[in-house]
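Novice: Supplied in structure tokens, the structure appears directly below.
The values are calculated or read from the model by the stated rules, or taken from the named source; none is laboratory data. Computed from a prediction, not measured in an experiment: that's the story for all the values here. Cβ atoms come from the backbone with ideal geometry, glycine included; neighbour counts cover every protein chain shown. These accessible areas exclude ligands, DNA and RNA; they are computed on the full protein's heavy atoms, side chains included. Shrake-Rupley method; radii C 1.70, N 1.55, O 1.52, S 1.80 Å.
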Amino acid sequence: MVTRIIAGAARGVQLAVPSCGTRPTQDRVREAIFSALQSRGATEDACVLDLFAGSGAYGFESLSRGALSLDLVDYAQSAAAAIRKNRAASPVFAEAKLYVQSALAFLASRWKGTDPNPQWELVFIDPPYIMKNSEILEILTQLLPLCDPDAWIVVERSARDEAPNWNEDDWEEDARKIYGESAVYFLRPALGAV
């Protein structure tokens, strides 16, 4: 499957995908997700975090569509190699930062103040489908105080799995979309949670 940037300044740039261990989101699904995000004004000038980045397609698509900054996180060496290659594929991607560590380790390092603490405005969480909902909820708990109060969080899961039971004190589910095998959840921090 060929993965390309769909729209924006880097439209048409082909992205390398990791040799194993990932499940790239289909271009048509990514297009539908970004259509929904752009209609909500979520991409322009946003600080973006792409957890479980794989090829970095979500993050790089965000930069192509006008995001301000991008942090990419994946612990797999094959993903890191693909991201480095993709970062070099367009000048639009040059300033993206790669962190080769687990999502929880990365978020914990931000809690400890070892890195600048940006208020991310757009976050993609697209873990392996085998990851348990409880693990996703733990990541969301760690992420919440690091987000902008108006942030958009996009979580992709298998459509066959039971929907996560979001902590309603922390998160509001704005929308839930099913695209073939993928279930995509659009979350916002609950009022007063950040």
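Novice: Regarding region 168-177, can at least one residue be identified that is crowded, with 20+ Cβ neighbours inside 10 Å and under 15 Å from Leu51 (Cα atoms)? Working first, answer last.
Specialist: Keep residues of region 168-177 that are crowded, with 20+ Cβ neighbours inside 10 Å, which gives 171.
Those left that are additionally under 15 Å from Leu51 (Cα atoms): none.
So far as region 168-177 goes, no, none of its residues is crowded, with 20+ Cβ neighbours inside 10 Å and under 15 Å from Leu51 (Cα atoms).
Novice: Do we have Glu121 as open to solvent by 10 Å² or more (accessible area, probe 1.4 Å), assigned to a strand (DSSP E or B), touching a strand residue (DSSP E or B) at 6+ places or on another chain (Cβ under 7 Å) and closer than 28 Å to Ile6 by Cα here? Can you show your working first?
Specialist: Numbers: open to solvent by 10 Å² or more (accessible area, probe 1.4 Å): yes; assigned to a strand (DSSP E or B): yes; touching a strand residue (DSSP E or B) at 6+ places or on another chain (Cβ under 7 Å): yes; closer than 28 Å to Ile6 by Cα: yes.
Yes: the conditions hold for Glu121.
Novice: While we're looking at this one, here's another question. Inspect all residues belonging to region 77-98 and state whether any of them is open to solvent by 70 Å² or more (accessible area, probe 1.4 Å) and of a type in the set (Val, Ile, Thr). First the steps, then the outcome.
Specialist: Our first condition is that a residue be open to solvent by 70 Å² or more (accessible area, probe 1.4 Å); within region 77-98, this holds for 77, 84-85, 88, 91, 95, 97.
Among the residues that remain, those that are also of a type in the set (Val, Ile, Thr) are: none.
Within region 77-98 (the criterion being open to solvent by 70 Å² or more (accessible area, probe 1.4 Å) and of a type in the set (Val, Ile, Thr)), the answer is no, since none of the residues qualifies.
Novice: Looking at Gly41, Gly66, can you tell me which residue is open to solvent by 10 Å² or more (accessible area, probe 1.4 Å) and under 15 Å from Ile153 (Cα atoms)?
Specialist: Numbers: Gly66 fails: under 15 Å from Ile153 (Cα atoms).
Sole residue among the options that is open to solvent by 10 Å² or more (accessible area, probe 1.4 Å) and under 15 Å from Ile153 (Cα atoms): Gly41.
Novice: If you don't mind, another one. Only one of Ser102, Ser134, Ser158, Ser182 is open to solvent by less than 20 Å² (accessible area, probe 1.4 Å), over 20 Å from Arg40 (Cβ atoms) and polar (S, T, N, Q); which? Please lay out each step first, then the result.
Specialist: Working: Ser102 fails: open to solvent by less than 20 Å² (accessible area, probe 1.4 Å); Ser134 fails: open to solvent by less than 20 Å² (accessible area, probe 1.4 Å); Ser182 fails: over 20 Å from Arg40 (Cβ atoms).
Unique residue meeting the criteria: Ser158.
Novice: Can you run down the residue pairs with Cβ atoms below 6 Å, 6 or more apart or on separate chains, where the first is in region 143-167 and aromatic (Phe, Trp, Tyr) and the partner is open to solvent by less than 60 Å² (accessible area, probe 1.4 Å)?
Specialist: What qualifies is Trp152/Ala42; Trp152/Leu122.
Novice: Name the residue that is surrounded by the most Cβ atoms within 10 Å (Cβ to Cβ), counting only residues in region 46-63 that are touching a Leu at 6+ places or on another chain (Cβ under 7 Å) and farther than 20 Å from Phe106 by Cα. Give the derivation first.
Specialist: We begin by selecting, within region 46-63, every residue touching a Leu at 6+ places or on another chain (Cβ under 7 Å); these are 46-48, 50, 53, 55-57, 59-60, 62-63.
From what's left, farther than 20 Å from Phe106 by Cα: 62-63.
Details: Ser62: 28, Leu63: 26.
Taking the candidates together, the pick is Ser62.
Novice: If you don't mind, there's one more thing I want to ask. When you scan region 185-194, how many residues do you find that are in contact with a Leu (Cβ under 7 Å, 6 or more places away or on another chain) and buried (at least 19 other Cβ atoms within 10 Å of the Cβ)?
Specialist: The initial filter retains those residues of region 185-194 that are in contact with a Leu (Cβ under 7 Å, 6 or more places away or on another chain), namely 189, 193-194.
Imposing the further condition that a residue be buried (at least 19 other Cβ atoms within 10 Å of the Cβ) reduces the set to 189.
Adding up the residues that qualify gives 1.
Per-residue answers, yes or no, for (1) under 21 Å from Ala57 (Cβ atoms); (2) in a strand (DSSP E or B); (3) of a type in the set (Val, Ile, Thr):
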| residue | (1), (2), (3) |
| --- | --- |
| Leu143 | yes, no, no |
| Ala151 | yes, yes, no |
| Val154 | yes, yes, yes |
| Asp161 | no, no, no |
| Asn165 | no, no, no |
| Ile178 | yes, yes, yes |
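Novice: Which numbered condition in (1) open to solvent by less than 10 Å² (accessible area, probe 1.4 Å); (2) touching a Leu at 6+ places or on another chain (Cβ under 7 Å) is the only one that Asp71 fails?
Specialist: Every condition holds for Asp71 apart from (1).
Novice: While we're on this one: Scan region 26-34 and give yes if some residue there is open to solvent by 50 Å² or more (accessible area, probe 1.4 Å), closer than 16 Å to Glu156 by Cα and in contact (Cβ under 8 Å) with a residue 40 or more places away in the chain, otherwise no. Spell out how you get there, then give the answer.
Specialist: Filtering region 26-34 down to residues open to solvent by 50 Å² or more (accessible area, probe 1.4 Å) leaves 26, 28, 31.
Then keep just the ones that are closer than 16 Å to Glu156 by Cα; that gives 26, 28, 31.
Next, from what is left, pick out any that are in contact (Cβ under 8 Å) with a residue 40 or more places away in the chain: 26, 28.
Taking every residue of region 26-34 in turn, at least one turns out to be open to solvent by 50 Å² or more (accessible area, probe 1.4 Å), closer than 16 Å to Glu156 by Cα and in contact (Cβ under 8 Å) with a residue 40 or more places away in the chain.
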